[in-house]
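Written below as C-alpha coordinates is the structure these notes are about.
The values are calculated or read from the model by the stated rules, or taken from the named source; none is laboratory data. Here the structure is a predicted model, which is why all the values come from computation and not from measurement. Glycine gets a Cβ as well: all are built from the backbone with ideal geometry, and neighbour counts include every protein chain shown. For accessibility, only protein heavy atoms count, side chains too; no ligands or nucleic acids. Shrake-Rupley method; radii C 1.70, N 1.55, O 1.52, S 1.80 Å.
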Amino acid sequence: MGSRNLQLSRRQVLGIAAGGVVGAVGFRYLTLQFPGGSQTVASAAGAWASPLETPAGLAAHFLRRATFGYTAGELDAAASMSYPDLVDMVVNEQAHPLPQIAAATSHAAVVRAWYEHMASTPAQFPERMTLFWHGLLTSDYRKAARLPFVLQQNQLYRSIGRGDFRTLINAVTYDPLMIRYLDLEESTDAAPNENYSRELMELFTLGVGHYTETDVREGARAFSGIRTVLVDSAGRRIQPPKLKGSTPAAYAQALQELITQGARFKGVLATRQHDSGAKTFLGHTGNLDPAQALDIILSHPACAPHIARAALVQFCTPSPSTALINSVATQFLKSNYDIKTLMRAIFTNDAFTSPDAYRSLVRGPTDFMVATMRALSRPDLAAMCVQSAPGMDQILYDMPTVAGWPSNQGWVSSGTWLSRVNFAAGVVATEQRFPDPVAAVHTHLDGVVGPDTATVFNARQGAGDKWYALLASPEFQLK
(Lines give C-alpha, C1' and ligand atoms only; values in the text may rest on other atoms or scores of the structure.)
Protein backbone atom coordinates (compact mmCIF):
# COMPACT_ATOMS: atom_id res chain seq x y z
CA MET A 1 0.00 0.00 0.00
CA GLY A 2 3.00 2.33 -0.14
CA SER A 3 3.79 4.85 2.58
CA ARG A 4 0.50 4.38 4.41
CA ASN A 5 -0.64 1.27 6.25
CA LEU A 6 -4.35 1.17 5.50
CA GLN A 7 -6.42 -0.32 8.28
CA LEU A 8 -9.25 -0.96 5.86
CA SER A 9 -8.48 -4.17 3.99
CA ARG A 10 -8.87 -4.58 0.27
CA ARG A 11 -11.07 -7.60 0.97
CA GLN A 12 -13.52 -5.37 2.81
CA VAL A 13 -13.65 -2.94 -0.09
CA LEU A 14 -13.98 -5.75 -2.62
CA GLY A 15 -16.84 -7.04 -0.51
CA ILE A 16 -18.68 -3.81 -1.21
CA ALA A 17 -17.96 -4.20 -4.89
CA ALA A 18 -19.19 -7.77 -5.21
CA GLY A 19 -22.80 -6.71 -5.04
CA GLY A 20 -22.15 -3.13 -6.02
CA VAL A 21 -21.49 -1.72 -9.45
CA VAL A 22 -22.16 -4.99 -11.27
CA GLY A 23 -25.81 -4.60 -10.40
CA ALA A 24 -25.96 -1.06 -9.10
CA VAL A 25 -27.45 0.52 -12.17
CA GLY A 26 -30.45 -1.74 -11.94
CA PHE A 27 -30.35 -2.53 -8.22
CA ARG A 28 -30.71 0.59 -6.12
CA TYR A 29 -29.98 1.22 -2.47
CA LEU A 30 -31.62 3.11 0.33
CA THR A 31 -29.60 5.71 2.19
CA LEU A 32 -28.00 5.67 5.61
CA GLN A 33 -26.83 8.17 8.15
CA PHE A 34 -23.18 9.23 8.36
CA PRO A 35 -21.33 10.73 11.31
CA GLY A 36 -22.13 14.39 11.67
CA GLY A 37 -25.87 14.05 11.88
CA SER A 38 -26.74 14.54 8.19
CA GLN A 39 -29.22 12.05 6.86
CA THR A 40 -30.92 11.73 3.51
CA VAL A 41 -34.46 10.44 3.14
CA ALA A 42 -35.05 7.26 1.21
CA SER A 43 -37.63 7.14 -1.54
CA ALA A 44 -39.42 3.95 -2.49
CA ALA A 45 -37.81 0.73 -1.27
CA GLY A 46 -35.10 -0.53 -3.59
CA ALA A 47 -34.39 2.87 -5.19
CA TRP A 48 -31.76 5.51 -4.70
CA ALA A 49 -33.08 8.45 -2.75
CA SER A 50 -32.68 10.86 -5.65
CA PRO A 51 -31.55 14.37 -4.67
CA LEU A 52 -32.31 15.83 -8.10
CA GLU A 53 -35.23 17.88 -6.81
CA THR A 54 -32.75 20.05 -4.89
CA PRO A 55 -30.51 22.68 -6.56
CA ALA A 56 -27.35 21.13 -5.13
CA GLY A 57 -28.36 17.60 -6.10
CA LEU A 58 -29.24 18.59 -9.66
CA ALA A 59 -26.07 20.65 -10.04
CA ALA A 60 -23.91 17.76 -8.80
CA HIS A 61 -25.67 15.31 -11.13
CA PHE A 62 -25.06 17.61 -14.10
CA LEU A 63 -21.43 18.32 -13.23
CA ARG A 64 -20.61 14.62 -12.77
CA ARG A 65 -21.70 14.03 -16.36
CA ALA A 66 -20.74 17.23 -18.19
CA THR A 67 -17.36 17.43 -16.41
CA PHE A 68 -15.00 15.15 -14.52
CA GLY A 69 -16.03 16.29 -11.07
CA TYR A 70 -15.90 19.38 -8.91
CA THR A 71 -14.76 20.90 -5.67
CA ALA A 72 -17.14 21.83 -2.87
CA GLY A 73 -16.78 25.47 -3.87
CA GLU A 74 -17.56 24.75 -7.52
CA LEU A 75 -20.63 22.79 -6.48
CA ASP A 76 -21.86 25.62 -4.27
CA ALA A 77 -21.41 28.11 -7.11
CA ALA A 78 -23.22 25.84 -9.56
CA ALA A 79 -26.09 25.22 -7.14
CA SER A 80 -26.59 28.98 -6.74
CA MET A 81 -27.43 29.34 -10.45
CA SER A 82 -30.63 28.49 -12.23
CA TYR A 83 -30.28 25.14 -13.96
CA PRO A 84 -30.67 26.55 -17.52
CA ASP A 85 -28.02 29.18 -16.78
CA LEU A 86 -25.69 26.51 -15.40
CA VAL A 87 -26.09 24.39 -18.53
CA ASP A 88 -25.42 27.37 -20.78
CA MET A 89 -22.37 28.42 -18.80
CA VAL A 90 -20.80 24.97 -18.96
CA VAL A 91 -21.68 24.23 -22.59
CA ASN A 92 -20.19 27.59 -23.64
CA GLU A 93 -16.88 27.08 -21.85
CA GLN A 94 -13.87 27.98 -23.96
CA ALA A 95 -11.22 25.29 -24.10
CA HIS A 96 -7.85 25.84 -22.48
CA PRO A 97 -5.02 24.54 -24.70
CA LEU A 98 -3.04 21.52 -23.69
CA PRO A 99 0.30 22.71 -22.24
CA GLN A 100 3.25 22.35 -24.58
CA ILE A 101 4.67 18.83 -24.56
CA ALA A 102 8.43 18.38 -24.86
CA ALA A 103 8.04 14.99 -26.57
CA ALA A 104 5.19 15.62 -29.01
CA THR A 105 5.83 12.34 -30.83
CA SER A 106 5.50 10.25 -27.66
CA HIS A 107 2.10 8.64 -27.14
CA ALA A 108 2.78 8.13 -23.42
CA ALA A 109 3.84 11.75 -22.93
CA VAL A 110 0.73 13.06 -24.68
CA VAL A 111 -1.61 10.82 -22.68
CA ARG A 112 0.04 11.75 -19.40
CA ALA A 113 -0.23 15.45 -20.22
CA TRP A 114 -3.89 15.00 -21.14
CA TYR A 115 -4.69 13.27 -17.85
CA GLU A 116 -3.06 16.12 -15.96
CA HIS A 117 -4.91 18.67 -18.07
CA MET A 118 -8.27 16.98 -17.55
CA ALA A 119 -7.66 17.03 -13.80
CA SER A 120 -6.54 20.65 -13.59
CA THR A 121 -8.17 22.80 -16.27
CA PRO A 122 -11.15 24.92 -15.19
CA ALA A 123 -12.64 24.35 -18.67
CA GLN A 124 -13.94 20.85 -18.00
CA PHE A 125 -16.66 20.47 -20.63
CA PRO A 126 -14.27 20.81 -23.61
CA GLU A 127 -12.16 17.99 -22.17
CA ARG A 128 -15.24 15.85 -21.58
CA MET A 129 -16.23 16.34 -25.22
CA THR A 130 -12.68 15.62 -26.40
CA LEU A 131 -12.90 12.26 -24.64
CA PHE A 132 -16.36 11.62 -26.09
CA TRP A 133 -15.21 12.19 -29.68
CA HIS A 134 -12.07 10.13 -29.07
CA GLY A 135 -14.36 7.24 -28.05
CA LEU A 136 -16.70 7.63 -31.02
CA LEU A 137 -14.42 8.76 -33.88
CA THR A 138 -11.77 6.28 -32.88
CA SER A 139 -8.07 6.11 -33.72
CA ASP A 140 -5.03 4.58 -32.07
CA TYR A 141 -1.37 5.46 -31.85
CA ARG A 142 0.22 2.28 -33.14
CA LYS A 143 0.43 3.24 -36.80
CA ALA A 144 1.72 6.71 -35.92
CA ALA A 145 4.93 5.73 -34.12
CA ARG A 146 7.50 8.56 -34.04
CA LEU A 147 4.95 11.04 -35.43
CA PRO A 148 2.93 13.70 -33.53
CA PHE A 149 -0.43 12.47 -34.82
CA VAL A 150 -1.91 11.63 -31.41
CA LEU A 151 -1.21 15.12 -30.14
CA GLN A 152 -2.68 16.71 -33.27
CA GLN A 153 -5.91 14.72 -33.07
CA ASN A 154 -6.26 15.52 -29.37
CA GLN A 155 -5.87 19.21 -30.18
CA LEU A 156 -8.33 18.89 -33.07
CA TYR A 157 -11.13 17.41 -30.96
CA ARG A 158 -10.55 20.02 -28.26
CA SER A 159 -10.61 22.93 -30.72
CA ILE A 160 -13.64 22.02 -32.84
CA GLY A 161 -15.41 19.28 -30.87
CA ARG A 162 -18.09 21.70 -29.66
CA GLY A 163 -18.72 23.46 -32.97
CA ASP A 164 -20.71 21.69 -35.68
CA PHE A 165 -20.51 18.05 -36.64
CA ARG A 166 -20.16 18.82 -40.34
CA THR A 167 -16.90 20.69 -39.73
CA LEU A 168 -15.72 18.02 -37.31
CA ILE A 169 -16.29 15.02 -39.57
CA ASN A 170 -14.66 16.83 -42.51
CA ALA A 171 -11.63 17.59 -40.35
CA VAL A 172 -11.51 14.00 -39.09
CA THR A 173 -11.42 12.71 -42.66
CA TYR A 174 -8.22 14.69 -43.23
CA ASP A 175 -6.77 14.07 -39.75
CA PRO A 176 -3.33 12.41 -40.02
CA LEU A 177 -4.01 9.92 -37.24
CA MET A 178 -7.29 8.84 -38.83
CA ILE A 179 -5.64 8.66 -42.25
CA ARG A 180 -3.04 6.26 -40.86
CA TYR A 181 -5.43 4.30 -38.66
CA LEU A 182 -7.92 3.43 -41.39
CA ASP A 183 -5.45 3.19 -44.25
CA LEU A 184 -6.52 6.18 -46.33
CA GLU A 185 -2.89 6.72 -47.34
CA GLU A 186 -3.02 3.38 -49.14
CA SER A 187 -6.18 4.22 -51.08
CA THR A 188 -5.70 5.08 -54.76
CA ASP A 189 -7.91 5.42 -57.82
CA ALA A 190 -6.62 2.04 -59.02
CA ALA A 191 -7.07 0.31 -55.65
CA PRO A 192 -9.48 2.13 -53.30
CA ASN A 193 -9.14 1.01 -49.69
CA GLU A 194 -12.55 0.39 -48.09
CA ASN A 195 -11.65 0.67 -44.41
CA TYR A 196 -12.49 4.33 -43.83
CA SER A 197 -15.61 4.25 -45.99
CA ARG A 198 -17.00 1.29 -44.05
CA GLU A 199 -16.21 2.49 -40.55
CA LEU A 200 -17.31 6.03 -41.34
CA MET A 201 -20.81 4.77 -42.11
CA GLU A 202 -21.07 1.80 -39.76
CA LEU A 203 -19.58 3.31 -36.60
CA PHE A 204 -19.10 7.05 -36.98
CA THR A 205 -22.25 8.34 -38.67
CA LEU A 206 -25.06 5.97 -39.74
CA GLY A 207 -24.96 2.57 -38.04
CA VAL A 208 -25.45 -0.94 -39.30
CA GLY A 209 -28.26 -1.46 -41.81
CA HIS A 210 -28.18 1.98 -43.39
CA TYR A 211 -25.72 1.29 -46.21
CA THR A 212 -24.85 -1.50 -48.63
CA GLU A 213 -21.60 -3.12 -49.68
CA THR A 214 -21.90 -1.15 -52.91
CA ASP A 215 -21.99 2.04 -50.86
CA VAL A 216 -18.79 0.94 -49.11
CA ARG A 217 -17.02 0.38 -52.43
CA GLU A 218 -18.29 3.61 -53.98
CA GLY A 219 -17.48 5.54 -50.84
CA ALA A 220 -13.93 4.18 -50.94
CA ARG A 221 -13.60 5.61 -54.42
CA ALA A 222 -14.86 9.00 -53.21
CA PHE A 223 -12.28 9.05 -50.38
CA SER A 224 -9.35 7.80 -52.47
CA GLY A 225 -6.25 9.96 -52.82
CA ILE A 226 -6.11 11.50 -49.33
CA ARG A 227 -2.51 11.90 -48.21
CA THR A 228 -0.56 13.38 -45.29
CA VAL A 229 1.96 16.19 -45.78
CA LEU A 230 4.06 18.35 -43.44
CA VAL A 231 3.59 22.12 -43.59
CA ASP A 232 5.33 24.98 -41.81
CA SER A 233 3.66 27.64 -39.66
CA ALA A 234 2.66 29.55 -42.82
CA GLY A 235 1.04 26.45 -44.35
CA ARG A 236 3.79 25.85 -46.89
CA ARG A 237 4.66 22.25 -47.61
CA ILE A 238 8.05 21.14 -46.28
CA GLN A 239 9.95 17.89 -46.24
CA PRO A 240 9.91 15.90 -43.00
CA PRO A 241 13.14 14.54 -41.55
CA LYS A 242 14.28 11.24 -43.00
CA LEU A 243 14.21 8.25 -40.68
CA LYS A 244 16.43 6.21 -42.97
CA GLY A 245 20.06 6.67 -42.00
CA SER A 246 19.11 8.31 -38.70
CA THR A 247 18.67 6.96 -35.20
CA PRO A 248 15.12 7.06 -33.77
CA ALA A 249 16.27 9.58 -31.15
CA ALA A 250 17.83 11.90 -33.74
CA TYR A 251 14.77 11.60 -35.96
CA ALA A 252 12.44 12.44 -33.06
CA GLN A 253 14.58 15.42 -32.07
CA ALA A 254 14.62 16.80 -35.62
CA LEU A 255 10.87 16.41 -35.89
CA GLN A 256 10.33 17.98 -32.46
CA GLU A 257 12.35 21.02 -33.53
CA LEU A 258 10.11 21.49 -36.56
CA ILE A 259 6.99 21.14 -34.40
CA THR A 260 8.33 23.67 -31.91
CA GLN A 261 8.74 26.08 -34.83
CA GLY A 262 5.07 25.62 -35.76
CA ALA A 263 5.21 22.79 -38.29
CA ARG A 264 2.32 20.33 -38.41
CA PHE A 265 1.02 17.46 -40.49
CA LYS A 266 -2.20 17.82 -42.45
CA GLY A 267 -4.31 15.79 -44.83
CA VAL A 268 -4.69 16.82 -48.47
CA LEU A 269 -6.44 15.39 -51.52
CA ALA A 270 -3.87 14.27 -54.09
CA THR A 271 -5.92 14.65 -57.27
CA ARG A 272 -3.67 12.36 -59.30
CA GLN A 273 -4.48 9.48 -56.94
CA HIS A 274 -8.18 10.31 -56.51
CA ASP A 275 -10.80 8.40 -58.48
CA SER A 276 -12.51 11.12 -60.51
CA GLY A 277 -15.04 8.85 -62.18
CA ALA A 278 -18.80 8.85 -61.63
CA LYS A 279 -19.91 7.07 -58.46
CA THR A 280 -23.28 6.09 -56.99
CA PHE A 281 -23.16 6.48 -53.22
CA LEU A 282 -26.17 6.19 -50.87
CA GLY A 283 -28.49 6.87 -53.80
CA HIS A 284 -26.57 9.87 -55.18
CA THR A 285 -24.62 9.76 -58.45
CA GLY A 286 -21.82 12.06 -59.60
CA ASN A 287 -18.08 12.66 -59.63
CA LEU A 288 -18.04 12.66 -55.85
CA ASP A 289 -15.10 13.88 -53.79
CA PRO A 290 -14.71 13.49 -49.99
CA ALA A 291 -16.64 16.66 -49.13
CA GLN A 292 -19.57 15.69 -51.34
CA ALA A 293 -19.64 12.15 -49.94
CA LEU A 294 -19.73 13.55 -46.41
CA ASP A 295 -22.58 15.90 -47.32
CA ILE A 296 -24.54 12.89 -48.60
CA ILE A 297 -23.93 11.04 -45.33
CA LEU A 298 -25.02 14.07 -43.28
CA SER A 299 -28.23 14.30 -45.29
CA HIS A 300 -29.08 10.67 -44.54
CA PRO A 301 -31.99 10.31 -42.08
CA ALA A 302 -29.99 7.90 -39.90
CA CYS A 303 -27.08 10.26 -39.23
CA ALA A 304 -28.50 12.65 -36.61
CA PRO A 305 -30.15 9.82 -34.61
CA HIS A 306 -26.88 7.84 -34.64
CA ILE A 307 -24.91 10.71 -33.10
CA ALA A 308 -27.75 11.54 -30.73
CA ARG A 309 -27.90 7.97 -29.44
CA ALA A 310 -24.15 7.84 -28.88
CA ALA A 311 -24.25 11.07 -26.88
CA LEU A 312 -27.29 9.99 -24.88
CA VAL A 313 -25.62 6.72 -23.86
CA GLN A 314 -22.54 8.60 -22.68
CA PHE A 315 -24.27 11.50 -20.95
CA CYS A 316 -27.89 10.62 -20.16
CA THR A 317 -29.12 7.02 -20.03
CA PRO A 318 -27.65 3.61 -20.94
CA SER A 319 -30.76 2.64 -22.93
CA PRO A 320 -32.35 5.69 -24.57
CA SER A 321 -35.81 5.18 -26.01
CA THR A 322 -36.51 5.71 -29.68
CA ALA A 323 -38.68 8.70 -28.77
CA LEU A 324 -35.86 10.28 -26.77
CA ILE A 325 -33.33 9.67 -29.53
CA ASN A 326 -35.61 11.17 -32.16
CA SER A 327 -36.41 14.20 -30.00
CA VAL A 328 -32.74 15.03 -29.46
CA ALA A 329 -31.83 14.19 -33.07
CA THR A 330 -34.54 16.52 -34.41
CA GLN A 331 -33.12 19.46 -32.46
CA PHE A 332 -29.60 18.52 -33.56
CA LEU A 333 -30.58 18.36 -37.22
CA LYS A 334 -32.60 21.58 -37.14
CA SER A 335 -29.54 23.37 -35.78
CA ASN A 336 -27.51 22.20 -38.79
CA TYR A 337 -25.60 19.72 -36.61
CA ASP A 338 -24.59 22.24 -33.94
CA ILE A 339 -22.94 20.22 -31.17
CA LYS A 340 -23.78 22.65 -28.39
CA THR A 341 -27.44 22.39 -29.38
CA LEU A 342 -27.14 18.60 -29.21
CA MET A 343 -25.73 18.73 -25.70
CA ARG A 344 -28.22 21.32 -24.44
CA ALA A 345 -31.02 19.14 -25.78
CA ILE A 346 -29.67 16.25 -23.70
CA PHE A 347 -28.92 18.15 -20.50
CA THR A 348 -32.30 19.91 -20.41
CA ASN A 349 -34.40 16.89 -21.35
CA ASP A 350 -36.71 15.43 -18.71
CA ALA A 351 -34.91 12.10 -19.16
CA PHE A 352 -31.72 13.72 -17.87
CA THR A 353 -33.25 15.41 -14.84
CA SER A 354 -35.64 12.60 -13.93
CA PRO A 355 -34.99 10.65 -10.69
CA ASP A 356 -34.63 7.54 -12.88
CA ALA A 357 -31.49 9.08 -14.39
CA TYR A 358 -29.75 9.39 -11.04
CA ARG A 359 -26.71 7.11 -10.93
CA SER A 360 -27.83 5.32 -14.08
CA LEU A 361 -24.40 5.58 -15.75
CA VAL A 362 -21.09 3.92 -14.86
CA ARG A 363 -17.95 6.01 -14.93
CA GLY A 364 -15.42 4.78 -17.45
CA PRO A 365 -11.86 4.30 -16.21
CA THR A 366 -10.59 7.67 -17.40
CA ASP A 367 -13.64 9.38 -15.93
CA PHE A 368 -13.12 7.57 -12.62
CA MET A 369 -9.42 8.35 -12.35
CA VAL A 370 -9.77 12.01 -13.31
CA ALA A 371 -12.69 12.40 -10.90
CA THR A 372 -10.46 10.98 -8.20
CA MET A 373 -7.70 13.45 -8.99
CA ARG A 374 -10.15 16.33 -8.95
CA ALA A 375 -11.76 15.23 -5.68
CA LEU A 376 -8.35 15.28 -4.00
CA SER A 377 -6.84 18.15 -6.05
CA ARG A 378 -4.09 15.79 -7.21
CA PRO A 379 -3.34 16.33 -10.95
CA ASP A 380 0.15 15.06 -10.15
CA LEU A 381 -1.30 11.54 -10.17
CA ALA A 382 -1.37 11.56 -14.00
CA ALA A 383 1.54 9.10 -14.22
CA MET A 384 -0.35 6.69 -11.97
CA CYS A 385 -3.34 6.97 -14.31
CA VAL A 386 -1.20 5.98 -17.28
CA GLN A 387 0.13 2.97 -15.33
CA SER A 388 -3.31 1.91 -14.03
CA ALA A 389 -5.30 2.31 -17.25
CA PRO A 390 -4.39 -1.07 -18.84
CA GLY A 391 -5.81 -2.98 -15.87
CA MET A 392 -9.08 -1.12 -16.28
CA ASP A 393 -9.16 -1.81 -20.05
CA GLN A 394 -8.98 1.78 -21.23
CA ILE A 395 -5.66 2.90 -22.67
CA LEU A 396 -6.19 6.26 -24.33
CA TYR A 397 -5.41 6.13 -28.06
CA ASP A 398 -5.12 2.35 -27.97
CA MET A 399 -8.58 1.08 -28.80
CA PRO A 400 -9.40 -2.64 -28.59
CA THR A 401 -11.20 -2.30 -31.95
CA VAL A 402 -12.36 0.49 -34.24
CA ALA A 403 -15.72 0.21 -32.44
CA GLY A 404 -14.05 1.77 -29.40
CA TRP A 405 -14.68 0.96 -25.77
CA PRO A 406 -17.74 -0.43 -24.01
CA SER A 407 -20.02 1.84 -22.01
CA ASN A 408 -21.65 1.78 -18.61
CA GLN A 409 -21.98 -1.79 -17.25
CA GLY A 410 -19.71 -2.99 -20.06
CA TRP A 411 -16.82 -1.55 -18.05
CA VAL A 412 -17.41 -3.79 -15.05
CA SER A 413 -15.74 -7.15 -14.52
CA SER A 414 -13.98 -8.72 -11.55
CA GLY A 415 -10.56 -7.95 -13.02
CA THR A 416 -11.20 -4.35 -13.95
CA TRP A 417 -12.93 -3.76 -10.63
CA LEU A 418 -9.85 -4.99 -8.77
CA SER A 419 -7.78 -2.52 -10.80
CA ARG A 420 -10.06 0.32 -9.71
CA VAL A 421 -9.71 -0.72 -6.08
CA ASN A 422 -5.94 -0.94 -6.47
CA PHE A 423 -5.90 2.54 -8.00
CA ALA A 424 -7.85 3.91 -5.04
CA ALA A 425 -5.40 2.22 -2.67
CA GLY A 426 -2.43 3.66 -4.55
CA VAL A 427 -3.89 7.15 -4.48
CA VAL A 428 -4.53 7.02 -0.75
CA ALA A 429 -1.07 5.58 -0.11
CA THR A 430 0.57 8.63 -1.70
CA GLU A 431 -1.51 11.20 0.22
CA GLN A 432 -0.60 12.57 3.63
CA ARG A 433 -3.33 15.12 4.30
CA PHE A 434 -6.93 14.52 3.29
CA PRO A 435 -9.96 16.76 2.98
CA ASP A 436 -12.75 16.02 5.46
CA PRO A 437 -14.06 12.59 4.32
CA VAL A 438 -17.51 13.08 5.84
CA ALA A 439 -17.96 16.35 3.97
CA ALA A 440 -16.66 14.59 0.86
CA VAL A 441 -19.43 11.99 1.08
CA HIS A 442 -21.99 14.76 0.90
CA THR A 443 -20.10 16.69 -1.79
CA HIS A 444 -19.25 13.81 -4.10
CA LEU A 445 -21.90 11.20 -3.23
CA ASP A 446 -24.77 13.54 -2.27
CA GLY A 447 -24.87 11.77 1.09
CA VAL A 448 -26.66 8.92 -0.67
CA VAL A 449 -24.96 5.55 -0.10
CA GLY A 450 -25.77 1.89 0.28
CA PRO A 451 -25.59 -0.04 3.55
CA ASP A 452 -22.32 -1.84 2.72
CA THR A 453 -20.52 1.39 1.88
CA ALA A 454 -21.83 3.05 5.03
CA THR A 455 -20.74 0.11 7.19
CA VAL A 456 -17.20 0.10 5.81
CA PHE A 457 -16.94 3.90 5.87
CA ASN A 458 -18.04 4.08 9.50
CA ALA A 459 -15.86 1.16 10.62
CA ARG A 460 -12.63 3.17 10.82
CA GLN A 461 -11.65 6.58 12.09
CA GLY A 462 -8.72 7.35 9.82
CA ALA A 463 -9.33 9.86 7.05
CA GLY A 464 -7.25 7.77 4.63
CA ASP A 465 -9.34 4.67 5.23
CA LYS A 466 -12.55 6.64 4.81
CA TRP A 467 -11.34 8.14 1.53
CA TYR A 468 -10.34 4.65 0.37
CA ALA A 469 -13.88 3.44 1.09
CA LEU A 470 -15.34 6.45 -0.73
CA LEU A 471 -13.17 6.19 -3.86
CA ALA A 472 -13.56 2.40 -4.15
CA SER A 473 -17.31 2.43 -3.46
CA PRO A 474 -19.90 1.54 -6.09
CA GLU A 475 -21.47 4.95 -5.52
CA PHE A 476 -18.33 6.80 -6.68
CA GLN A 477 -18.24 4.64 -9.82
CA LEU A 478 -21.72 5.82 -10.79
CA LYS A 479 -22.88 9.14 -12.10
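Criterion first (open to solvent by 10 Å² or more (accessible area, probe 1.4 Å), within 20 Å of the chain's Cα centre (by Cα) and acidic (D, E)) does D295 satisfy it?
no
I'm checking my understanding of the structure. Among residues of the range 134-175 that are over 18 Å from the mean Cα position of the chain (by Cα) and closer than 17 Å to P400 by Cβ, which one is surrounded by the fewest Cβ atoms within 10 Å (Cβ to Cβ)?
Ranking the qualifying residues of the range 134-175, first place goes to R142.
Please determine whether any residue of the range 336-346 is under 23 Å from V412 (Cβ atoms), within 19 Å of the chain's Cα centre (by Cα) and surrounded by 21 or more Cβ atoms within 10 Å (Cβ to Cβ).
Looking for residues that are under 23 Å from V412 (Cβ atoms), within 19 Å of the chain's Cα centre (by Cα) and surrounded by 21 or more Cβ atoms within 10 Å (Cβ to Cβ), one finds none in the range 336-346, hence no.
Among E213, E257, which is out of contact with any strand residue (DSSP E or B) (no Cβ under 7 Å at 6 or more places or on another chain), open to solvent by 70 Å² or more (accessible area, probe 1.4 Å) and closer than 22 Å to M178 by Cα?
E213
If I ask for residues that are surrounded by fewer than 24 Cβ atoms within 10 Å (Cβ to Cβ) and in contact (Cβ under 8 Å) with a residue 12 or more places away in the chain, which ones from the range 454-466 would you list?
Matches in the range 454-466: A454, V456, N458, A459, R460, G462, A463, G464, D465.
State whether the residues of the range 111-120 include one that is open to solvent by 10 Å² or more (accessible area, probe 1.4 Å), over 14 Å from the mean Cα position of the chain (by Cα) and free of Cβ contacts under 8 Å to residues at least 60 places away in the same chain.
no
Taking only pairs six or more apart or across chains, which ones have beta-carbon atoms under 9 Å, a first residue in the range 275-291 that is more than 18 Å from R198 (Cβ to Cβ) and open to solvent by less than 70 Å² (accessible area, probe 1.4 Å), and a second residue that is hydroxyl-bearing (S, T, Y) and part of a strand (DSSP E or B)?
Correct list of pairs: G286/T280.
Aliphatic (A, V, I, L, M) and part of a helix (DSSP H, G or I) - does that describe any residue in the range 271-290?
no
Give the number of residues within the range 342-375 that are under 24 Å from F165 (Cβ atoms) and outside any helix (DSSP H, G or I).
Of the residues in that region, 4 qualify.
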